[in-house]
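The values are calculated or read from the model by the stated rules, or taken from the named source; none is laboratory data. Values in this document were obtained by computation on a predicted structure and should not be read as measured data. So basically every Cβ, Gly included, is an ideal-geometry build from the backbone, and we count neighbours across all protein chains shown. Please note that ligands, DNA and RNA were not included when accessible areas were found on the heavy atoms of the full protein model with its side chains. Shrake-Rupley method; radii C 1.70, N 1.55, O 1.52, S 1.80 Å.
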Amino acid sequence: FFAALFLASIGMLIHVHFLWNHVDILLAAVILVIIIKTLVVATVVKAFGYNNKTSLLVGMSLAQIGEFAFVLLSRASNLNLVEVIHYFDALFMEHYDLIDYFLALEND
């Protein structure tokens with residue numbers, strides 16, 4: 001219940017018109033972030049001596065952007081440290097990444 005409420009409340013911040021105009025760039029950015037974070041975490045886990053399967057599973061499990069990014073993004077936006085277009089880019093990436101993460105958990 002909390003996950004659905006959280007995603008719905010964050011989803012209300014997204015402007016559909018902006019999303020529709022930038023969907024290709026945004027999806028590419030989400031995929032790039034997930035791939036890079038997976039590879040970085042998997043490399044670190046592999047450096048600790050775990051096998052390839054374990055390091056890849058841990059990397060994929062920790063590849064989500066995270067809820068704390070919403071707090072940081074909101075604070076940066078309030079302090080005018082982030083331009084509006086970058087705010088919406090990051091907001092969509094975080095939202096899509098969380099939806100993807102919750103769907104992956106449900107399919108386990």
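If you check VAL30 against the conditions, is it touching a helix residue (DSSP H, G or I) at 6+ places or on another chain (Cβ under 6 Å), surrounded by 15 or more Cβ atoms within 10 Å (Cβ to Cβ) and modelled with pLDDT under 80? Give the steps one after another, and end with the answer.
Details: touching a helix residue (DSSP H, G or I) at 6+ places or on another chain (Cβ under 6 Å): yes; surrounded by 15 or more Cβ atoms within 10 Å (Cβ to Cβ): yes; modelled with pLDDT under 80: yes.
The answer is yes for VAL30.
Would you check which residues across the range 7-26 are open to solvent by less than 60 Å² (accessible area, probe 1.4 Å) and either in contact (Cβ under 8 Å) with a residue 12 or more places away in the chain or not in a helix (DSSP H, G or I) (or both) and list them?
LEU7, ILE10, GLY11, ILE14, PHE18, LEU19, HIS22, LEU26
Go through the range 80-108 and give me each residue that's modelled with pLDDT of 75 or more, part of a helix (DSSP H, G or I) and more than 18 Å from LEU5 (Cβ to Cβ).
The answer is VAL84, ILE85, HIS86, TYR87, PHE88, ASP89, ALA90, PHE92, MET93.
Give the range 41-84 a look and list any residue that's within 30 Å of ASN21 (Cβ to Cβ), over 14 Å from the mean Cα position of the chain (by Cα) and in contact (Cβ under 8 Å) with a residue 12 or more places away in the chain, or say none.
Across the range 41-84, there are no qualifying residues.
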